[in-house]
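Engineer: This structure is in structure tokens; I'll ask about it shortly.
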């Protein structure tokens, strides 16, 4: 198999097709591990993505603020007040969730 670009690799994975290797990446590296590696010779100006040859993250930005871990919903739902209950409102947000909020 020929070498794939990170974008080709990610699209193939989402399409359940063969890839040259799994995407390389890391969510978090412990600070204690970094300090230990520095005592073993890790340069002070190291960058994780370059040092470990991580693939660039696959991201698609949309102009919605749904939080960092929520899937984007396209097309968005209409944001609206569903009903009023005393000092609170039941609303529908752009993700279609029904939320109880203060007026």
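Computed from the coordinates by the stated procedures, all read-outs in this text should not be read as laboratory data. Because the structure is predicted, anything quoted here is derived from the model rather than measured. No Cβ is skipped: glycine too gets one built from the backbone with ideal geometry, and neighbour counts run over all protein chains shown.
Engineer: Once both labels are modelled 7 Å past Cα along the beta-carbon direction, what's the residue 26-residue 80 spacing in nm?
Structural biologist: Roughly 4.9 nm, to one decimal.
Engineer: Here's another thing I want to ask about it. Hey, of [x] 101; [y] 113; [z] 182, which did the structure itself give for volume of the Cα convex hull per residue in Å³ when calculated?
Structural biologist: The listed entry that was calculated here is [z].
Engineer: If r is the Cβ-Cβ distance from residue 4 to residue 47 and R0 is 25 Å, what FRET efficiency results, to the nearest 0.05? Provide the component values of the computation, followed by the final result.
Structural biologist: On the way: r = 23 Å, r/R0 = 0.91.
For R0 = 25 Å, the calculated efficiency reads 0.65.
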